[in-house]
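Quick note: the coordinates plus some simple rules give every number you see, no bench work behind them. Predicted, not measured: the structure shown is a model, and the values here were computed from it. Cβ atoms come from the backbone with ideal geometry, glycine included; neighbour counts cover every protein chain shown.
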Amino acid sequence: MPKTSAAVTQADYIKAYRIMLLSRVLEEKLASLYRAGMIKGGVFLGRGQEALSVSVGTHLHRGDIFAPLIRDQAGRLAFGDTVLDTLRTYLGSQLGSMRGRDGNIHRGRPRDGYYAMISHLGAMIPAVSGALFARRLKGESGVVGATCIGDGGTSTGAFHEGLNAAAVEKLPLIVVVANNQYAYSTPNSRQYACEDLLDKAAGYGVTGHKADGTNLLDCLQTLRLAVRNAREGGGPQLVVADLLRLVGHGEHDDGQYVDPKLKASPLGGDCLALAEHHILEQGWATAEEHAAWRREVESEVNSTADRVRREPTPDPEEDDWAALSCPEYREHYATS
Amino acid sequence: MITYLEAIRLAQQKALATDPRVFLYGQDIGNFGGAFKATKNLSKEFPGRVFDAPLSEDAIVGMAIGAAIEGMRPIVEMQFADFSTCGLNQIVNHAATLYYRTGVPCPIVVRLPSGGTSGGGPFHSQSMEALYAHYPGLVVLTPATVEDAYTMLFDAVGLDDPVIFCEHKFLYNHLKADSLPETSLPIGKARLARTGRDATIVTHGAMLHESLAAVTELAEDGFEIEIVDLRSVKPLDTDTVLASVARTGRLLCVSEEWPWGGVTAEVIARVSSEGFGLLDVAPMRVNAKDTPVPYHPDLWSVHRPTASTIAAAARRLLLS
Ligand SMILES: Cc1ncc(C[n+]2csc(CCOP(=O)(O)OP(=O)(O)O)c2C)c(N)n1
Ligand SMILES: [Mg+2]
C-alpha cells in the first residue's frame, strides 16, 4: 500500500501542527525552568522530533496502548497527556500522576493505556507486546499498541527479543524508531553496522516503513499507514524515521559533539519550522493567525506553570512508603 | 584538589599506562569521556584502547569476559549501576562462574556508578552491592574515600577475579583529597574510620560520610563511636568488625541499600552468630526504605539514611 493512500487532510495537518507547537513551547518552558534550578531531576527534550512523535500519538485511539519514550512530549499530548500533568511532574507537585515517586519522562497512567516507561531502554517493547497479547486473549480486537525508541535503543537485547516475540505472535504493535543519529554522544557509526535500521524489519519478519522525520506530512502518512496495517491484522510494524536531535542529550549537555555537517544537512531541518512554513505557504493560516496560536499556547503553559508552582510538594510523612499493593504483605521490621 | 571522580579517572589512566592488557569499553566513554567524565581524555591519551560501545550491556560485559579469557584486562563502564541489570546474565552467570567451572579466571572490572543523588529517581540511584555479593565468584568493592577510589580501582584491575566496582555518584564531585597514595590497605580489608569505645557503626560507600557526621554530632554529647568502613563488601572483613564490637559491645549497621538481604543483614548475621557474646544489646541497622528510590528530593532525603536518622538510631542503641 503506498503512503499516499493514507490521506492526510488540511485539518489533520493543522491539528498535529498545533500539538507540536504546544509541545515545543512547553519544552522551552521546561528548559528555562531547568536553567532556573526549578526542575527536580533531569530534562530531556524532543526538539526536532515533534513531527514524528505527534504522528504516533495522533493515530492512536482511546483504548489503544502507547508507551512513549524520552523525546515524546508531542506524542504524549496527542494521546491525551496534559500540560498540567507534565508540569506537575517536572515541578514535583504532589498532585502529579506520579506523586513525586517518579518523574518527568517516566510519567504515565497505565490504566488509560498510557504506559510509564522505565529508563532501561527497550524494555517497553515486550511490555506493550504483552498488553496486546492480553487484549487478544480477552477477545478484544481492533486495538493497537505503539512504542518509541531511539537508534541507540535498537541495540538492546530487549529490542531484539521484544520485536521477535511480537512478530512470532503477529501482534498489532508499532515500534517507532527516532533515528536521530546519536545515542547520547555515540554516533550511529558506533551503534550499528547495517545499511539502514529499516533493514532490521526483514530480519524479524515485520513490515518496515521509512519516514522523513523532519517532514510532518510524511510522518503523518507513514504512521497512518503503519497503524492501519497493525489494526487490520498485518502484525508488527517497524517505522524508522531519520532526523537529528536538535538539542543536547539532556539539558545538562551542550551536544557539541554533533557533527556540524549533519546539522547543515536536510536531516538537521527543524520539523516545526518546516511545518509552519508549509502552512503559511499553503495559505492554511495567515501569519497573524499563526502568531495567535503561539500566544495561546504560551499563555496556557505560563499560567499552568504559575499554578503548579503554588501546589504542595510530596510529604514524606504522608507517603505510605509501600511498594506492594497488598497491605497484608507489607513487612514491618526494624531497619532504622 | 583531587575529586573522587578524578581519582577514578586517574586510576584508569595508571592502569592503561602500566598494563598493556588493559582496555576500556562502555557507552560514551571515548571522545565524550563518559556520562560523568570518568574517562575524560583517556581515548586521546591511549589511542586504540578506549572504545565506545553500542547501547548493549549484555554485549559489553560478554565482550569483556571473552577478552579476559584471552588474557586482556578490560574495565567496563555501565552508564549507571542500574543499567547493569541488562548485563546481569553475563556478570552473574558467566563471569562469576567461569573460574569455578573451568579453572580459568575472569579478570574483568565492571564499574558501576552507584547510589542515590537528589532527583535521580528509581532507575538512576540504585545500590547493587548486595545483589552482586550474593553471587559466588565476584569481588564487590565500595570505596568511600578519594584515596580508596584510586587505589582500589587500580588494584581491582590487577586482581584475577571479576570485580564489581561500586563507585558512589554522590561522592563524585564533592569528596576531595590533596593527593593520592601509592598504596593502601589490601582489597578485602576494612578500615577504622573513627575510633571510639561506646558503639560500633559498620558502613560503606556514601553512608560513611553520613555516619561520620552523625558521630560528630554524638560526640558533643560525650559519646565516642567507632566507625568501620568496610571498603569491600565481598570479601567482608568480619575480623575487623568483630574486633571493634569486642571493644564496644554495641553494633549499628548503616547502608544505603534496601534492607532485605543487604550488607547490614549480612554483617549482623555474622556478628550474631560468631560474636554473640560480644554484644551487650541487640544489634541495630539503618537502611533505605523498602521501596524503589523516589525521585522527588523531599522523598529521597527521607528514603535514604542520613546523619540525623543515623544519629537517632545510635542514640537508641546507646541508651538500650
Ligand atoms: C539499557 C540502558 N542503558 C543505558 C541507558 C542510559 N541512556 C539513557 S538515554 C541513552 C542514549 C539513548 O540513545 P537513543 O536510544 O538513540 O535515544 P535518543 O536519546 O537519541 O532519543 C543512554 C545510553 C539506558 N537508559 N538504558
Ligand atoms: Mg538517538
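Within the stretch B:1-108, which GluC sites (Glu not before Pro) sit in a loop by DSSP and count at most 10 neighbouring Cβ atoms inside 10 Å?
Values: sites: B:Glu6, B:Glu45, B:Glu57, B:Glu70, B:Glu77; in loops: B:Glu70.
Loop-located and lightly packed - B:Glu70.
Under a Cβ-Cβ cut-off of 11 Å, what is the net charge of the residues other than B:Glu182 that fall near it, where Lys and Arg count +1 and Asp and Glu count -1?
Numbers: positive: B:Lys14; negative: B:Glu147.
Net of charged neighbours comes to 0.
Per the helix-only calculation at 222 nm, which mean residue ellipticity applies to chain A, given -39500 (n - 2.57) for every DSSP H run of n ≥ 4 and division by its residues, nearest 500 deg cm²/dmol? Before the final figure, lay out the partial values.
Details: 11 runs with 139 residues, N = 336.
Computed mean residue ellipticity for chain A: -13000 deg cm²/dmol.
Report the calculated FRET efficiency for B:Asp178 and B:Glu220 (r = Cβ-Cβ distance, R0 = 22 Å), to the nearest 0.05.
Numbers: r = 28 Å, r/R0 = 1.25.
Step by step, r from the Cβ atoms, then E = 0.20.
Suppose every K and R has +1 on its Cβ and every D and E has -1 on its Cβ; what is the size of the dipole of the stretch B:2-177 about the Cα centre, in Debye to the nearest 20?
300 debye
Along the charge dipole of the protein assembly as shown, which of A:Gly162, B:Gly115, A:Ala36 sits closest to the positive end, that is, farthest toward it, with unit charges on the beta carbon of Lys, Arg, Asp and Glu (+1, +1, -1, -1)?
So the residue furthest toward the plus end is A:Gly162.
Separation of the stretch A:257-310 and the stretch B:227-252 by C-alpha centroid, Å?
The stretch A:257-310 and the stretch B:227-252 have Cα centres spaced 60 Å from each other.
Take chain B, drop everything but the C-alpha atoms, weight them equally and run the Debye formula without solvent; then report log10 I(q)/I(0) at 0.10, 0.11, 0.15 Å⁻¹ to two decimals.
-0.54, -0.65, -1.18
Could you identify which residue out of B:Glu274, B:Glu257, B:Glu226 has the top mean-square fluctuation in a GNM of chain B using Cα springs shorter than 10 Å?
Most flexible of the set in this elastic network: B:Glu274.
Quick check of the Kirkwood formula: for the stretch A:81-133, what is the inverse mean of 1/r over all pairs of different Cα atoms, in Å?
Kirkwood hydrodynamic radius for the stretch A:81-133: 11.7 Å.
Based on the Kirkwood radius over alpha-carbon pairs, what is the Stokes-Einstein translational diffusion coefficient of the stretch A:122-200 at 4 °C with 1.567 mPa s viscosity, in µm²/s? Walk me through the numbers on the way to the answer.
Working: Rh = 13.3 Å.
Translational D for this selection: 98 µm²/s.
Give, as ranges by residue number, the residues of the stretch B:121-159 whose backbone N falls under 11 Å from the point 7 Å along Cα→Cβ of B:Asp19.
B:153-159
Can you give the FRET efficiency for A:Lys263 and A:Trp284, using 1/(1 + (r/R0)^6), R0 = 30 Å, r = Cβ-Cβ distance, to the nearest 0.05?
Numbers: r = 29 Å, r/R0 = 0.95.
Computed FRET efficiency for A:Lys263 and A:Trp284: 0.55.
To the nearest 20 debye, what is the magnitude of the charge dipole of the stretch B:191-319 about its Cα centre, counting +1 on the Cβ of each Lys and Arg and -1 on the Cβ of each Asp and Glu?
Numbers: 13 positive and 17 negative charges, 32 e Å.
Result for the stretch B:191-319 is approximately 160 debye, rounded to the nearest 20.
Would you order B:Trp258, A:Trp293 from fewest to most other beta-carbon atoms within 10 Å of each residue's own beta-carbon? Before the final figure, lay out the partial values.
Details: B:Trp258 21, A:Trp293 18.
Exposure proxy ranking, most exposed first: A:Trp293, B:Trp258.
With θ taken as phi - 60° and the coefficients 6.51, -1.76 and 1.60, list the Karplus ³J(HN,Hα) couplings across the stretch B:12-29 in order, rounded to whole Hz; mark glycine and proline as x.
5, 4, 5, 5, 5, 6, 9, 9, x, 7, 7, 9, 10, 9, x, 6, 6, 8
Please work out the Kirkwood hydrodynamic radius for the stretch B:86-136, using every pair of different C-alpha atoms, and report it in angstroms with one decimal place.
For the stretch B:86-136, the Kirkwood estimate is 12.5 Å.
Run through all the Cα pairs of the stretch A:44-90 and give the fraction in each 10 Å bin from 0, expressed as whole percent.
Pair shares across the bins are 29, 58, 13.
Express the relative contact order of chain A as a whole percentage, based on alpha carbon pairs under 8 Å and six or more residues apart in sequence. It would help to have the intermediate numbers written out before the result.
Details: 607 pairs, mean separation 74.5, N = 336.
Averaging sequence separation for qualifying contacts and normalising by length gives 22 percent for chain A.
Rounded to the nearest 500, what is chain B's calculated 222 nm mean residue ellipticity when only DSSP H runs of at least 4 contribute -39500 (n - 2.57) each, over all residues?
Using -39500 (n - 2.57) per qualifying helix, the result is -10500 deg cm²/dmol.
To the nearest 20 debye, what is the magnitude of the charge dipole of the protein assembly as shown about its Cα centre, counting +1 on the Cβ of each Lys and Arg and -1 on the Cβ of each Asp and Glu?
Values: 62 positive and 78 negative charges, 159 e Å.
Once rounded to the nearest 20, the dipole reads 760 debye.
DSSP loop (so not H, G, I, E, B), at most 10 other Cβ within 10 Å: list which chymotrypsin sites (Phe, Trp or Tyr not before Pro) in the stretch A:148-238 pass both filters.
none
Would you kindly give the portion of the calculated P(r) for the stretch B:191-319 that falls above 21 Å, as a percent of all Cα pairs? Walk me through the numbers before you get to the answer.
Working: 2712 of 8256 pairs.
The proportion of pairs with Cα distances above 21 Å equals 33 percent.
Could you list B:Ser255, A:Ser97 in order of exposure, starting from the residue whose Cβ has the fewest other Cβ atoms within 10 Å? If you can, show how the numbers build up before the last one.
Details: B:Ser255 31, A:Ser97 18.
In order of increasing Cβ crowding within 10 Å: A:Ser97, B:Ser255.
What nm value, rounded to one decimal, do you get for the distance between A:Asp112 and A:Ser325 when each label is placed 7 Å out toward the C-beta?
1.9 nm
Principal axes first, then extents: for the Cα atoms of the stretch A:3-329, list largest minus smallest coordinate on each axis, whole Å, largest first.
59, 53, 39
Would you mind classifying the stretch B:130-186 by shape? Square roots of the alpha carbon gyration tensor eigenvalues, ordered a ≥ b ≥ c; an a/c under 1.5 is rounded, otherwise it is prolate if a/b is larger than b/c and oblate if not.
Values: a/c = 3.15, a/b = 1.47, b/c = 2.15.
Taking the square roots of the gyration eigenvalues as a ≥ b ≥ c, the stretch B:130-186 is oblate.
Between beta-carbons, use under 10 Å as the cut-off and find the net charge around B:Val140, counting Lys and Arg +1, Asp and Glu -1. Walk me through the intermediate numbers first.
Details: positive: B:Lys234; negative: B:Glu129.
With Lys, Arg at +1 and Asp, Glu at -1, the neighbours total 0.
Cβ under 10 Å from A:Pro187's Cβ, A:Pro187 left aside: what net charge do those residues give with Lys, Arg +1 and Asp, Glu -1?
Numbers: positive: A:Arg190; negative: A:Asp151, A:Asp259, B:Asp52.
Its environment carries a net charge of -2.
Got a sec to turn the phi values of the stretch A:7-15 into Karplus ³J(HN,Hα) couplings, 6.51 cos²θ - 1.76 cosθ + 1.60 with θ = phi - 60°, whole Hz, x for Gly and Pro?
Taking θ as phi minus 60°, the curve returns 4, 10, 7, 4, 5, 4, 5, 5, 4 Hz for the stretch A:7-15.
What FRET efficiency would be calculated for the residue pair A:Arg294, A:Arg62, taking the C-beta separation as r and a Förster radius of 30 Å, to the nearest 0.05?
Working: r = 29 Å, r/R0 = 0.95.
Working from the Cβ atoms, E equals 0.60.
In sequence order, what are the phi-derived ³J(HN,Hα) couplings for the stretch B:108-116 according to the Karplus relation 6.51 cos²θ - 1.76 cosθ + 1.60 with θ = phi - 60°, rounded to whole Hz, with x for glycine and proline?
10, 10, 10, 8, 10, x, 10, x, x
Going through the stretch A:42-75, which trypsin sites (Lys or Arg not before Pro) have at most 15 other Cβ atoms within 10 Å and a DSSP loop state? Before the final figure, lay out each step's value.
Details: sites: A:Arg47, A:Arg62, A:Arg71; in loops: A:Arg47, A:Arg62, A:Arg71.
When the trypsin sites (Lys or Arg not before Pro) of the stretch A:42-75 are filtered for loop state and at most 15 Cβ neighbours within 10 Å, A:Arg62 remain.
With a 10 Å Cβ neighbour count serving as the proxy for reagent exposure, in which order, fewest first, do B:Met284, A:Met124 appear?
On the way: B:Met284 22, A:Met124 29.
Lowest to highest Cβ neighbour count: B:Met284, A:Met124.
With both bridge residues required to lie in the protein assembly as shown, what share of the DSSP beta bridges run antiparallel, to the nearest 5%?
Numbers: 10 of 63 bridges.
Bridges in the protein assembly as shown that DSSP calls antiparallel: roughly 15 percent.
Binned at 5 Å from 0, what are the whole-percent values of the Cα-Cα distance distribution for the stretch B:2-177, short to long?
Taking every Cα pair in the stretch B:2-177, the percentages come to 2, 9, 19, 24, 23, 15, 6, 2, 0.
Give me a single rounded figure for B:295-308: the average over its residues of other chain Cβ atoms within 10 Å of their Cβ. Kindly include the intermediate steps, with their values, before the conclusion.
Values: counts 14, 17, 6, 9, 12, 3, 1, 6, 4, 0, 2, 0, 0, 0.
Per-residue shielding by partner chains comes out at 5.
Where does the protein assembly as shown land on Rg/Rh, using Cα atoms and the Kirkwood Rh? If you can, show how the numbers build up before the last one.
Numbers: Rg = 26.5 Å, Rh = 26.5 Å.
When Rh is taken as the Kirkwood radius, the ratio is 1.00.
Take the alpha-carbon positions of the stretch A:178-336, form their convex hull, and give its projected area averaged over all directions (one quarter of the hull surface) in nm². Walk me through the numbers before you get to the answer.
Numbers: hull surface 70.6 nm².
That works out to 17.6 nm².
With just the Cα atoms of the stretch B:95-225, tell me how far they stretch along each of the three principal axes, in Å, largest first.
Result for the stretch B:95-225: principal-axis Cα extents of 56, 34, 30 Å.
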